[in-house]
Structures are given as C-alpha cells and as structure tokens.
Amino acid sequence: MATFFRRLAKAAPIAFGVQTKSAPRLRFGALAAISGGISAYYFYSSPNLGYLDQLNEETAPQVALNPDKWIEFKLQEKAQASHNTQLFRFSFDPDVKLGLHVASCLITRAPNGQNAERKTKYVIRPYTPISDPDAKGYFDLLIKVYPEGKMSQHFASLKPGDVVEVKGPIEKFRYSPNMKKHIGMIAGGSGITPMLQVIDAILKNPDDNTQVSLIYANLSPDDILLKKKLDTLSASNPNLKVFYTVDNPTKDWLGGHGFISKQMVVKGLPGPSDDTLVLVCGPPGMMNHVSGDKKDRTQGELSGILKELGYTEDMVYKF
C-alpha cells in the first residue's frame with residue numbers, strides 16, 4: 001500500500017486509475033439520495049407500508065458523507081506530493097461511495113483550543129477531493145501545507161490511523177455532460193483540485209464531447225501539482241489542452257512566464273460565447289487579477305482581464 005500511495009503522490013496516471021475515452025471502462029449508475037421514510041401515521045396504521053419503508057432503507061444506495069453531521073474518517077496513508085504539498089487518503093466502508101458529486105467540496109474541522117466557557121473551539125476549512133466520486137471506500141485530499149496554516153498544519157501532523165471530522169458535500173458547481181461546448185479553466189496552485197474533478201468526469205464519459213482548455217499558474221515548475229497526470233491526460237485526449245505559466249522559470253522551462261495575461265487567455269481559452277464557460281480557482285491575488293474574487297457566498301461582480309476581454313458573468317464561475 002505504501003508503494004502504491006507514493007506512486008499516487010507522484011500523480012502517475014495508472015496510480016489514479018485514469019481511463020481515457022479510447023480505453024474500456026465500467027459504467028457507474030448515478031448516485032441516488034437517501035429518501036426519508038413514510039409518516040409515523042402510515043407506518044403504524046399499515047404493517048405492509050412499514051415493511052416497504054424498511055426495505056427501501058435497506059436497499060437504497062448508501063453514502064459515507066452526511067451534510068448535517070460531522071463524521072470521523074480515518075487516515076489510511078499520506079505521501080509527499082511536492083515540496084510543500086501532501087496527499088492524504090482517508091478510508092471508510094469499502095461497500096459504499098463517498099456521496100460526492102461534480103463539483104463539490106468537503107468541510108473539515110479540527111480542535112483549536114477552548115473558548116471562555118471551556119468548550120472546544122474548531123478551525124474549519126473546505127477541501128475538494130481529487131479522487132473519483134464513484135470510488136468506494138476511500139477519498140483523497142491534496143493539501144498545500146502553509147507555515148502558519150492552522151488546518152494544513154493539523155493535517156501535516158496526522159499519522160495513519162488518526163481521524164479527521166468531515167461534513168458534506170457542499171455543492172459548488174453542478175457539472176452535467178455536454179452542458180457547454182467548450183470549458184476554459186484558470187487555476188492557481190491548489191486551485192487545480194476542483195478543475196481535476198471536472199476534467200476527470202468529462203474524460204471518463206465516452207458520451208461527453210466537451211472541449212477543455214486549462215491555464216495553470218504557479219510560482220515555479222516545482223510547485224506544479226499533479227503535472228504528470230495532467231500531461232498524460234492531455235497527451236492522450238485531444239479534447240484537453242493544458243498550458244502552464246510560472247513566476248520563476250528555470251533555464252530549461254518551456255512554458256509561460258509570469259502572471260496570467262490577456263494574451264494567454266486569448267490564445268489558450270475559448271472566446272466569449274453562449275457555448276463557453278470559464279472556471280476560475282486560485283489564491284485571492286490571482287482571482288482579483290483574472291475575474292474578481294467571490295463575495296461572501298456569492299459570485300461577486302465580474303472584473304479583471306476576463307471582463308476586459310468581453311466575458312460576462314454567466315460565462316464565468318468562481319470556485
């Protein structure tokens with residue numbers, strides 16, 4: 001397992017179980033929601049209805065997540081993905097799915113001292129799993145560890161067997177196959193995680209013909225997360241194009257230099273159109289430069305280079 005997970009951290013495509021559209025694949029059914037029971041009146045007034053309700057609960061697809069309850073998930077393995085980023089695999093019942101849809105995130109929490117009433121305080125952060133939502137028994141988180149990051153430092157301190165409390169899923173952007181002819185993506189750093197959810201969903205579906213163009217910005221080549229996976233996917237799928245840009249290139253760097261520019265967007269992304277959607281996720285500085293940041297729980301006003309290039313608010317989604 002340790003060897004497998006080290007390969008996973010290096011983002012080798014076979015370790016992720018990536019399947020291109022030319023390869024055979026299994027079809028998975030849609031994940032159904034667990035329905036509530038019938039009313040207490042009918043339950044007690046009709047033994048047959050009560051039995052049917054019990055049968056439905058036993059046969060309904062089960063999921064590991066609960067949007068209204070904190071659930072403990074055990075760390076199975078962790079590995080170093082880059083000089084400041086770690087990959088974590090959490091396990092649960094191998095017979096059930098996580099209960100995640102594309103694209104959504106989880107909410108995690110960890111104890112952080114006590115308040116004046118001597119009750120536990122918590123630090124809470126959202127993360128987007130990079131594992132297949134249809135996978136059973138596990139999910140993977142890719143987390144950048146910041147020197148002053150309370151939650152990321154907590155994750156870095158975990159050892160196999162330790163647990164993290166999780167709630168969710170929290171819906172972000174609801175993707176459906178062929179919803180747009182061309183999807184553009186602009187990501188910075190760990191903002192690649194929701195993009196991977198969408199990319200994987202598109203590429204594993206033989207009936208999804210969506211074209212995807214990604215611009216991925218980082219400080220240096222060493223900071224590019226999951227580059228091997230992205231390179232392999234783009235090399236084997238003509239509908240996926242990836243362009244990298246870094247602030248501090250090495251002498252042999254062949255990608256873009258510096259911040260994301262208008263020229264990069266014009267050359268690398270689909271132009272403004274009713275059949276176009278641009279997804280944006282990254283640190284606040286990048287968001288403000290490209291699209292404007294989100295406001296509280298809303299998308300906020302569109303600004304930055306995307307607005308200057310003629311995109312409208314219904315053509316852009318900010319994670």
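Quick one: would you say K251 is touching a residue at least 24 places away in the same chain (Cβ under 8 Å) and not hydroxyl-bearing (S, T, Y)? The answer is no for K251.
For (1) within 15 Å of S213 (Cβ to Cβ); (2) aliphatic (A, V, I, L, M); (3) assigned to a strand (DSSP E or B), each residue gets a yes or a no:
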position	(1), (2), (3)
K241	yes, no, yes
T250	no, no, no
L254	no, yes, no
Q263	yes, no, no
K267	yes, no, no
D293	no, no, no
K307	no, no, no
Y311	yes, no, no
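Listed conditions (1) assigned to a loop (DSSP other than H, G, I, E, B); (2) modelled with pLDDT under 95; (3) of a type in the set (D, E, K, R) are all met by K159, apart from (2). Of the candidates L219, L226, the single residue that is in contact (Cβ under 8 Å) with a residue 24 or more places away in the chain, of a type in the set (A, V, I, L, M, F, W, C) and surrounded by fewer than 19 Cβ atoms within 10 Å (Cβ to Cβ) is L219. Of all the residues in the stretch 265-275, those that are surrounded by fewer than 19 Cβ atoms within 10 Å (Cβ to Cβ) and under 28 Å from P129 (Cα atoms) number 1.
Of the residues making up the stretch 97-144, those that are more than 14 Å from the chain's Cα centre (by Cα) and on the phi > 0 side of the Ramachandran plot are G113, R118, G137. Selection over the stretch 176-213 of residues that are hydrophobic (A, V, I, L, M, F, W, C), within 16 Å of V265 (Cβ to Cβ) and within 15 Å of the chain's Cα centre (by Cα) gives a count of 4.
Residue-by-condition table, conditions (1) touching a helix residue (DSSP H, G or I) at 6+ places or on another chain (Cβ under 8 Å); (2) in contact (Cβ under 8 Å) with a residue 60 or more places away in the chain; (3) open to solvent by less than 60 Å² (accessible area, probe 1.4 Å):
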{"site": "H101", "(1), (2), (3)": "no, yes, yes"}
{"site": "I107", "(1), (2), (3)": "no, yes, yes"}
{"site": "I130", "(1), (2), (3)": "yes, yes, yes"}
{"site": "A156", "(1), (2), (3)": "no, yes, yes"}
{"site": "E171", "(1), (2), (3)": "no, yes, no"}
{"site": "R174", "(1), (2), (3)": "no, yes, no"}
{"site": "M185", "(1), (2), (3)": "yes, yes, yes"}
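Summed over the stretch 139-153, residues that are part of a loop (DSSP other than H, G, I, E, B) and open to solvent by 100 Å² or more (accessible area, probe 1.4 Å) total 3. Scoring T298 on the criteria (1) at pLDDT 95 or above; (2) under 20 Å from F319 (Cα atoms); (3) surrounded by fewer than 21 Cβ atoms within 10 Å (Cβ to Cβ); (4) of a type outside the set (K, R) leaves a single failure, condition (1).
For every residue, the table says whether it meets (1) under 16 Å from I192 (Cβ atoms); (2) among the aromatic types (F, W, Y).
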position: K119; (1), (2): no, no
position: V123; (1), (2): no, no
position: P126; (1), (2): yes, no
position: I130; (1), (2): yes, no
position: L141; (1), (2): yes, no
position: Y146; (1), (2): no, yes
position: M151; (1), (2): no, no
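In the condition set (1) closer than 24 Å to G285 by Cα; (2) touching a Pro at 6+ places or on another chain (Cβ under 8 Å); (3) modelled with pLDDT of 95 or more, Q211 is compliant with all but (1). For the stretch 55-104, a residue qualifies if it is in a strand (DSSP E or B), within 17 Å of K136 (Cα to Cα), at pLDDT 95 or above and aliphatic (A, V, I, L, M), and the qualifying residues are I71, L75.
Every residue, every condition in (1) more than 24 Å from A235 (Cα to Cα); (2) open to solvent by 30 Å² or more (accessible area, probe 1.4 Å); (3) free of Cβ contacts under 8 Å to residues at least 60 places away in the same chain, yes or no:
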residue	(1), (2), (3)
D162	yes, yes, no
G188	no, no, no
G191	no, no, no
D208	no, no, yes
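The values are calculated or read from the model by the stated rules, or taken from the named source; none is laboratory data. All values reported here derive from a predicted model rather than from experimental measurement. Here the Cβ is made from the backbone with ideal geometry for all residues, glycine too, and neighbour counts use every protein chain on show. In case anyone asks, the SASA skips ligands and DNA or RNA and just uses the protein heavy atoms, side chains included. Shrake-Rupley method; radii C 1.70, N 1.55, O 1.52, S 1.80 Å.
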